[in-house]
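A.B. asks: After the structure tokens below, expect a handful of questions from me.
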Amino acid sequence: MYSPAKAKTQSYENVGLESSVMSANPHQLITLLFDGAINALLRAKILIEQGDSPNHIAEKGSAISKSIGIIDNGLRASLNPEVDGELADNLDSLYGYMTDRLVQANLKNDVKSIEEVIKLLTNIADAWKEIDPNAPKS
């Protein structure tokens, strides 16, 4: 069901996100990708927990697909094996594992798989934030 208030809120959020992306450095862009993937999964988890209404099923699928897209087309695509070698290879394998888990989570409404991927993404995101080259040095 269309809601004018929801549409305005979504429009406002899109402008805020666009502004963040436009002013972000490459390190911050990866942080935004992590945040986007995690937020989409949190939404999917809530929708699964709310039940199997047709709207929830469609929205859950969309949220999981969004997260898979961010993982594959953002995080995974940003890896550079020529520079990062084994680390990039390991992350590539882990991102592939996450994608597989999310496909199964979508098919089976498996909250545990979503929680597992959220935990994995959060751990990597936290480590990524620790190595921010633009962070003030103490």
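A.B. asks: Sort through A105, A88 and tell me the only one that's surrounded by fewer than 17 Cβ atoms within 10 Å (Cβ to Cβ) and touching a helix residue (DSSP H, G or I) at 6+ places or on another chain (Cβ under 6 Å).
C.D. replies: Answer to the check: A88.
A.B. asks: Within the range 4-13, is there a residue that is small (G, A, S), at pLDDT 65 or above and surrounded by 10 or more Cβ atoms within 10 Å (Cβ to Cβ)?
C.D. replies: No, every residue in the range 4-13 fails to be small (G, A, S), at pLDDT 65 or above and surrounded by 10 or more Cβ atoms within 10 Å (Cβ to Cβ).
A.B. asks: Considering only residues that are small (G, A, S) and surrounded by 17 or more Cβ atoms within 10 Å (Cβ to Cβ), which ones fall in the range 35-79?
C.D. replies: G36, A37, A40, A44, A63, S67, G74
A.B. asks: Here is a check on your reading of the model: is E82 over 21 Å from L32 (Cα atoms), surrounded by fewer than 16 Cβ atoms within 10 Å (Cβ to Cβ), more than 15 Å from the chain's Cα centre (by Cα) and touching a residue at least 40 places away in the same chain (Cβ under 8 Å)?
C.D. replies: no
A.B. asks: Restricting to the range 48-63, name every residue that is more than 20 Å from L120 (Cβ to Cβ) and touching a His at 6+ places or on another chain (Cβ under 8 Å).
C.D. replies: Correct list: Q50 only.
A.B. asks: Now a separate question. Among the candidates E59, E86, single out the residue that is out of contact with any Pro (no Cβ under 8 Å at 6 or more places or on another chain) and farther than 22 Å from S113 by Cβ.
C.D. replies: Details: E59 fails: farther than 22 Å from S113 by Cβ.
After ruling out the rest, the residue left standing is E86.
The values are calculated or read from the model by the stated rules, or taken from the named source; none is laboratory data. Predicted, not measured: the structure shown is a model, and the values here were computed from it. Note: ideal-geometry Cβ built from the backbone for every residue, glycine included; neighbour counts use all protein chains shown.
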